[in-house]
Amino acid sequence: QPAAVPERTREEAVAALLKAQDLRKGADFQGAAKLLSQLVLVSPDDPRVLGEYAKTLVGLGRADDALAFADRAIELEPSEWSFYSARGVALDQKGDYRAAQLAYDRALALKPGEPTVLSNAALSHMQAGDLAGAESLLLQAMAAGGENPRIASNLALVRKLRGTQTASAAKPANTSTPASASAAAAGPRAAPPPAPT
């Protein structure tokens, strides 16, 4: 029989996890990662710890590491939508947009209408060149109560890019593209990164 975890240790672990969450949400990814790397050593099979570490690693741009932790968290707790969302963001960072969109679909199946997931899925579609799909997802995010200003800003960006795309399609084929239009076409890369929840 494994030894029982003392209540104080369990409370300390929960407090550390909440602190790491606050650090991540405040964009202190390094601080959160440092705390979580220690927490993983004492709670290696706690899906909340592993999922939070995955979200933090996404914030640091460490997609491969984030995927490993997200996958393990999903294995331990397959009904937690935010783990699939974090997995999707990591896959987007790797440029695997189709797999990312499948992860977002799974997250939305578990938590329909979640604005953050809809917004992340929209950015994935935008990066994959599906501006109409991105716009539709962002409109759903706003209708679902997505009051995050990033959602409105992403919608404005997608509409601007769609306008640029339409204007480019209307130009004669032999017209050279000015540098400013080329920069606008590369716009999806300038979008704010998806935000793991």
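The values are calculated or read from the model by the stated rules, or taken from the named source; none is laboratory data. None of the values given here were measured: they were computed from a predicted structure. With ideal geometry, Cβ positions are generated from the backbone for all residues, glycine too; neighbour counts draw on all protein chains shown. Just so you know, the surface numbers come from the protein's heavy atoms only, side chains and all, with ligands and any DNA or RNA stripped out. Shrake-Rupley method; radii C 1.70, N 1.55, O 1.52, S 1.80 Å.
Before moving on, here are some points about what is shown:
- In the range 37-85, the residues that are in a helix (DSSP H, G or I), within 19 Å of GLN127 (Cβ to Cβ) and open to solvent by 50 Å² or more (accessible area, probe 1.4 Å): ASP64
- Test: LEU18 is out of contact with any Phe, Trp or Tyr (no Cβ under 6 Å at 6 or more places or on another chain), of a type outside the set (Asp, Glu) and part of a helix (DSSP H, G or I): yes
- Residue in the range 86-99 that is assigned to a loop (DSSP other than H, G, I, E, B), modelled with pLDDT of 95 or more and open to solvent by 60 Å² or more (accessible area, probe 1.4 Å) present: yes
- For the range 109-118, a residue qualifies if it is without any contact (Cβ under 8 Å) to a residue 40 or more places away in the chain, part of a helix (DSSP H, G or I) and open to solvent by 30 Å² or more (accessible area, probe 1.4 Å), and the qualifying residues are ALA109, LEU110.
- Test: residue in the range 18-34 that is more than 22 Å from ASP92 (Cα to Cα), hydrophobic (A, V, I, L, M, F, W, C) and surrounded by 17 or more Cβ atoms within 10 Å (Cβ to Cβ): yes
- Any hit, the range 22-36, residues being over 12 Å from the mean Cα position of the chain (by Cα) and on the phi > 0 side of the Ramachandran plot: yes
- Exactly one residue out of ASN148, ASN154, ASN174 is at pLDDT below 95, closer than 16 Å to ALA100 by Cβ and not basic (Lys, Arg): that is ASN154.
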